1. Starting from residues that are assigned to a loop (DSSP other than H, G, I, E, B), surrounded by 12 or more Cβ atoms within 10 Å (Cβ to Cβ) and modelled with pLDDT of 95 or more, keep the ones in segment 45-86 and report whichever is nearest to the chain's Cα centre (by Cα).
2. Let me spell it out: the conditions are (1) touching a residue at least 12 places away in the same chain (Cβ under 8 Å); (2) basic (Lys, Arg); (3) over 24 Å from PHE78 (Cβ atoms), and LYS132 meets all of them except one. Which number is the exception?
3. If the requirement is being hydroxyl-bearing (Ser, Thr, Tyr) and in contact with an Asp or Glu (Cβ under 6 Å, 6 or more places away or on another chain), which of these qualifies: SER42, SER127, SER143, SER148?
4. Considering every residue within segment 20-33, establish whether at least one is open to solvent by less than 30 Å² (accessible area, probe 1.4 Å), over 30 Å from SER148 (Cβ atoms) and outside any helix (DSSP H, G or I).
5. Could you tell me whether GLU29 is closer than 30 Å to ARG117 by Cβ, out of contact with any Leu (no Cβ under 9 Å at 6 or more places or on another chain) and not basic (Lys, Arg)?
6. Which residues, taken from segment 135-165, are open to solvent by 70 Å² or more (accessible area, probe 1.4 Å) and under 14 Å from PRO90 (Cα atoms)?
7. Considering only segment 87-129, state which residues are open to solvent by 40 Å² or more (accessible area, probe 1.4 Å), among the hydroxyl-bearing types (Ser, Thr, Tyr) and touching a residue at least 12 places away in the same chain (Cβ under 8 Å).
8. Can you name the condition, by its number, that ARG43 falls short on among (1) in contact (Cβ under 8 Å) with a residue 24 or more places away in the chain; (2) closer than 30 Å to LYS66 by Cβ?
Amino acid sequence: KYKLLSFKDLPSLEKYQDIITLCNKVDSERVLSELQEIITLSRDEELKAEINYFNGDYPQILEYIKNNFGYSFYDDRFRGWAQKLEQHFPKDISKIYLSRVMRILEYKISKEYPSARYYLGRIKVISLNIMKNKKEWDVLLSSLKQKSLKLPSFQKMLIQLEDKL
């Protein structure tokens with residue numbers, strides 16, 4: 001009861017894990033249902049994502065990153081969650097990364113080219129290491145080169161990414 005109250009007052013992944021461990025030792029349906037109710041009512045989306053990751057509920061985290069991170073190109077929380085999900089949803093995460101790159105390219109946001117480089121690097125890792133699909137990576141690179149013909153610094157970045165194979 002005290003652990004639940006403590007979790008309700010100041011929720012954290014550690015407190016959640018303590019309660020789950022305790023419930024595994026003592027069969028307690030009531031405690032688990034109260035814990036779930038507290039989590040459901042909580043407004044702390046980041047904590048919910050941590051708990052979902054701990055429980056292996058990866059689709060919930062994918063929805064979290066799709067719904068809560070717009071186009072803030074340097075958001076470390078987004079990058080961390082997206083990287084954790086690359087193994088589980090490589091195509092979805094690649095699409096999210098690519099949409100960010102395309103936005104940078106479409107609006108010619110040159111100050112965001114380092115972000116584009118990061119996202120393209122992650123797409124490269126997903127394509128080559130996770131999905132083992134070099135052809136898809138080559139097609140994407142070729143397409144981006146065509147779309148950025150009038151952007152020499154973007155072209156240079158693409159060549160650097162291509163060279164690091």
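The values are calculated or read from the model by the stated rules, or taken from the named source; none is laboratory data. All of these numbers come straight from a predicted model, not from anything done at the bench. Cβ placement follows ideal geometry from the backbone for every residue including glycine, while neighbour counts extend to all protein chains displayed. The area values use the complete protein model at the heavy-atom level, side chains included, leaving out ligands, DNA and RNA. Shrake-Rupley method; radii C 1.70, N 1.55, O 1.52, S 1.80 Å.
1. Ranking the candidates gives GLU86 first.
2. (1)
3. The unique qualifying residue is SER127.
4. Taking every residue of segment 20-33 in turn, at least one turns out to be open to solvent by less than 30 Å² (accessible area, probe 1.4 Å), over 30 Å from SER148 (Cβ atoms) and outside any helix (DSSP H, G or I).
5. When the stated conditions are applied, GLU29 does not pass them.
6. GLU136
7. SER110, TYR118
8. Condition not satisfied by ARG43: (1).
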